[in-house]
1. Within the range 88-147, which residues are part of a helix (DSSP H, G or I), farther than 19 Å from SER234 by Cα and not polar (S, T, N, Q)?
2. Just checking, how many residues over the range 37-57 are β-branched (Val, Ile, Thr) and modelled with pLDDT of 65 or more?
3. So, ASP215, is that one under 18 Å from the mean Cα position of the chain (by Cα), assigned by TED's automatic domain parsing to the domain that holds ILE94 and of a type in the set (D, E, K, R) or not?
4. Go through the residues of the range 108-124 one by one and say whether even a single one is touching a Ser or Thr at 6+ places or on another chain (Cβ under 9 Å) and in contact (Cβ under 8 Å) with a residue 24 or more places away in the chain.
5. Of all residues in the range 113-135, count the ones that are within 23 Å of PRO75 (Cβ to Cβ) and over 13 Å from the mean Cα position of the chain (by Cα).
6. Among the helices (runs of 4 or more DSSP H) lying completely within the range 180-280, list those that include at least 1 residues that are in contact (Cβ under 8 Å) with a residue 24 or more places away in the chain and within 18 Å of LEU131 (Cα to Cα).
7. Every residue in the range 115-127 that is more than 11 Å from THR170 (Cα to Cα) and among the aliphatic types (A, V, I, L, M), please.
8. Would the range 58-68 turn up any residue that is outside any helix (DSSP H, G or I), modelled with pLDDT of 75 or more and not assigned by TED's automatic domain parsing to the domain that holds GLY152?
Amino acid sequence: MKPFFKTILYLLLFILLTVLTQIGGLVFLLSWFIYRRIVKKATEHFKPAFLIKTLTFVSLYLFATFLIVPIIAKPFGRVPLLFFTIKHVQPVTIWTCILNRNYVRPELKSMVEKVAKTMHDRYEGAEIQYLDANLPFFDGFPLVPHLSHNDGRKLDLAFFYTDSRTGQKTNNKPSFSGYGVFEAPRPNELNSIETCLKKGYWQYDFNKYMAFGADQEQFIFDEERTRAMIELFSEAPGIEKMFLEPHLITRLKLNGNNKVRFHGCQAVRHDDHLHIQIRR
């Protein structure tokens with residue numbers, strides 16, 4: 001590959017990894033330096049070189065993500081929701097943790113832990129499962145594609161479901177990412193999705209493109225446990241607001257809860273997840 005195109009490729013990789021994980025770009029540069037100075041000499045008889053480069057980057061990245069970043073994030077006022085350290089709280093997908101999208105303020109983590117314990121005690125085996133939170137450093141650094149997950153105060157949570165085949169309550173979710181499988185409005189319910197799309201907010205149902213491996217037929221929306229989770233969070237004094245589609249607010253009988261509200265057409269639809277955030 002010609003040096004010019006190689007430089008452009010490396011620059012694009014640096015930008016992409018930084019946008020997705022915040023630390024990936026720096027780890028990429030460090031792995032390139034270590035490969036050139038140390039690893040290349042030690043593995044000169046092993047081919048292909050691409051595999052060695054990839055292993056160098058992945059090893060450094062995982063080491064930084066799980067051992068270094070949590071320490072550095074503390075002065076920024078953020079802590080990770082790690083899948084192996086919190087009881088009854090899990091990411092929908094491990095990639096949320098690998099990509100450093102699982103950082104929140106300590107007080108938000110504490111609230112999640114308390115609600116998760118109550119849910120587990122009330123509904124045997126219930127786990128709170130989270131989707132995107134925030135990146136570990138710097139207020140204002142965007143968590144693509146979200147508009148507001150940039151200060152450690154926001155967290156997306158998955159709904160609860162029942163397995164349609166067994167009739168049993170389950171912690172599994174209808175998509176790999178947790179996003180994109182909607183509990184759509186019924187014919188007699190307010191349809192804010194249709195209203196927003198007609199107004200020209202084309203991005204409003206963008207999360208449908210994040211429904212990787214979706215299997216909607218296997219899952220039935222669990223109104224009881226989802227409503228219980230929302231009510232428990234609304235009782236926490238530090239919670240400022242929660243976003244949910246109007247038809248679900250009505251269906252779950254949450255109209256009198258002033259912390260649960262419509263987020264507006266400028267965001268994306270919230271009938272596949274719950275958004276919570278704490279006060280500053």
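1. So in the range 88-147, the residues part of a helix (DSSP H, G or I) come out as 95-98, 106-122.
Retained after the next criterion (residues that are farther than 19 Å from SER234 by Cα): 95-98.
Within the range 88-147, TRP95, CYS97, ILE98 qualify.
2. Step one: of the range 37-57, the residues β-branched (Val, Ile, Thr) are 38-39, 43, 52, 54, 56.
Subset that is modelled with pLDDT of 65 or more: 38, 52, 54, 56.
Total meeting the criteria: 4.
3. Values: under 18 Å from the mean Cα position of the chain (by Cα): no; assigned by TED's automatic domain parsing to the domain that holds ILE94: yes; of a type in the set (D, E, K, R): yes.
Against the criterion (under 18 Å from the mean Cα position of the chain (by Cα), assigned by TED's automatic domain parsing to the domain that holds ILE94 and of a type in the set (D, E, K, R)), ASP215 does not qualify.
4. Pass one, the range 108-124, residues touching a Ser or Thr at 6+ places or on another chain (Cβ under 9 Å): none.
Among the residues of the range 108-124, not one is touching a Ser or Thr at 6+ places or on another chain (Cβ under 9 Å) and in contact (Cβ under 8 Å) with a residue 24 or more places away in the chain, which makes the answer no.
5. Total meeting the criteria: 1.
6. Details: elements: 192-198, 223-235, 246-251.
Those helices (runs of 4 or more DSSP H) span 223-235.
7. Going through the range 115-127, the residues more than 11 Å from THR170 (Cα to Cα) turn out to be 115-122.
Residues satisfying the conditions are VAL115, ALA116, MET119.
8. Within the range 58-68, the first condition is being outside any helix (DSSP H, G or I), and the residues that meet it are none.
For the range 58-68, residues outside any helix (DSSP H, G or I), modelled with pLDDT of 75 or more and not assigned by TED's automatic domain parsing to the domain that holds GLY152: absent.
The values are calculated or read from the model by the stated rules, or taken from the named source; none is laboratory data. Fair warning: this is a prediction, and the values are worked out from it, not measured in the lab. As a convention, Cβ positions derive from the backbone with ideal geometry for all residues, glycine included, and neighbour counts pool all protein chains shown.
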